[in-house]
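The values are calculated or read from the model by the stated rules, or taken from the named source; none is laboratory data. Note that the coordinates shown come from a computational prediction; the quantities given were computed from them, not determined experimentally. Please note: Cβ atoms are built from the backbone with ideal geometry, for glycine as well, and neighbour counts cover all protein chains shown. Side chains included, ligands, DNA and RNA excluded: accessible areas come from the protein's heavy atoms. Shrake-Rupley method; radii C 1.70, N 1.55, O 1.52, S 1.80 Å.
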Amino acid sequence: MISTPSTPRVSVVIVCWNSAAYLPHCLASLAAQSYRDFEVIIVDNGSTDGAAAGLAQQYHGLALRTERLESNRGFAAANNIGAHLARGHWLALLNPDAFPEPDWLEQLTGVAGNYPTAFFASRQIQADRPQLLDGEGDVYHVSGLAWRAHYGLPVLPAGEPREVFSACGAAAMLPRQAFLDSGGFDADYFAYHEDVDLGFRLRLRGLKCLYVPRAVVHHVGSASQGRLGNFVIYHGHRNLVWTFIKDMPAPLFWFYLPLHAAMSLFYLMSFSLQGRGRAIWQAKLDAVRGLPAALKKRSLIQRERRASVSALWRAMNRNLFGPLENWSARRHHLSP
């Protein structure tokens, strides 16, 4: 690790698992940043491909630290470890397959100066199809589903920062102390939907999320697990149940619980008809088994709520057909 004479303003945390094909490009993009007051913390989640070997020597221009874990403890837990090692006021989360443009940190920190208690989403562009968006922040639907806003739509000229529900963990920035005070990512999630859950909990504490269109990263996406594989289906659909149970405040919880159940039934039927029922049924069964723990967490989370129910409700997507529209669009964009 290269020491710096003062505490950096930003700590960039990268969790990698067998990411040797992408991590060099990611680090080269960080080395080219116009904003320089940052450190990089790499948490190697038990890689077997040598992804994090010898990085300090290769990228001597970066203040870099590598923490190697003996086994894959999951994206959520590894990011928590990185956050505890970080020294910066701001915590920037970056996936190893996300390649920021040279002014990424400059844009984020510039906007953050005017919103010191907010957290921030980057503009994600598909690395293999640079004319298309990979997301503009996260949408949270009142049914409990979540998705990346405007995924697959054409890239248009960047506008001004605007509020979104939450930030995709592939390229986000948030106050480190707020991350720690909220408990960080829920390690029980392992991976997927953990960023939506964190964003929801930060909103409950009174923070807002801003999407910064000029803070651009080029994202490969699902580089470790593949697109909509059984791993993704299982963790995503198990974890979204826990997020709804833990985070949705009363009376919204009771009002939208039937819709949440109907959404779950829809996906059970849909994936079963596609011959992928095992992953989705196991996800829902394990979600039910985890309800006692989720309800205990809910008690603490809701006790610390500072935001009004009406403000949270307005931040959600309330279009009854929103999930179906997104599901149809995503199937179209993911088709060969």
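Overview of results
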read-out: Extreme residue, nearest to Gly110 (Cα to Cα), among residues of segment 179-189 that are in contact with a helix residue (DSSP H, G or I) (Cβ under 6 Å, 6 or more places away or on another chain) and open to solvent by 10 Å² or more (accessible area, probe 1.4 Å); value: Ser182
read-out: Residue selected from segment 119-143 under the condition under 30 Å from Leu257 (Cα atoms) and β-branched (Val, Ile, Thr), by the criterion least open to solvent (accessible area, probe 1.4 Å); value: Val142
read-out: Segment 287-322, subset touching a strand residue (DSSP E or B) at 6+ places or on another chain (Cβ under 6 Å) and not aliphatic (A, V, I, L, M), residue least open to solvent (accessible area, probe 1.4 Å); value: Gly322
read-out: Some residue of segment 196-215 being crowded, with 23+ Cβ neighbours inside 10 Å and farther than 23 Å from Ala307 by Cα; value: yes
read-out: Ile280 assigned to a helix (DSSP H, G or I) and open to solvent by 20 Å² or more (accessible area, probe 1.4 Å); value: no
read-out: Qualifying residue in segment 19-41 (condition: closer than 23 Å to Leu174 by Cβ, hydroxyl-bearing (Ser, Thr, Tyr) and at pLDDT below 95); value: yes
read-out: Any hit, segment 161-169, residues being out of contact with any helix residue (DSSP H, G or I) (no Cβ under 9 Å at 6 or more places or on another chain), assigned to a loop (DSSP other than H, G, I, E, B) and open to solvent by 10 Å² or more (accessible area, probe 1.4 Å); value: no
read-out: In segment 265-276, the residues that are at pLDDT 95 or above and either surrounded by 15 or more Cβ atoms within 10 Å (Cβ to Cβ) or in contact with a Cys (Cβ under 9 Å, 6 or more places away or on another chain) (or both); value: Leu268
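Quick grid of which residues meet (1) open to solvent by less than 60 Å² (accessible area, probe 1.4 Å); (2) within 28 Å of Ala112 (Cβ to Cβ); (3) without any contact (Cβ under 8 Å) to a residue 24 or more places away in the chain; (4) part of a loop (DSSP other than H, G, I, E, B):
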{"site": "Ala21", "(1), (2), (3), (4)": "no, no, no, yes"}
{"site": "Val40", "(1), (2), (3), (4)": "yes, yes, no, no"}
{"site": "Gln57", "(1), (2), (3), (4)": "no, no, yes, no"}
{"site": "Ala77", "(1), (2), (3), (4)": "yes, yes, no, no"}
{"site": "Ala83", "(1), (2), (3), (4)": "yes, yes, no, no"}
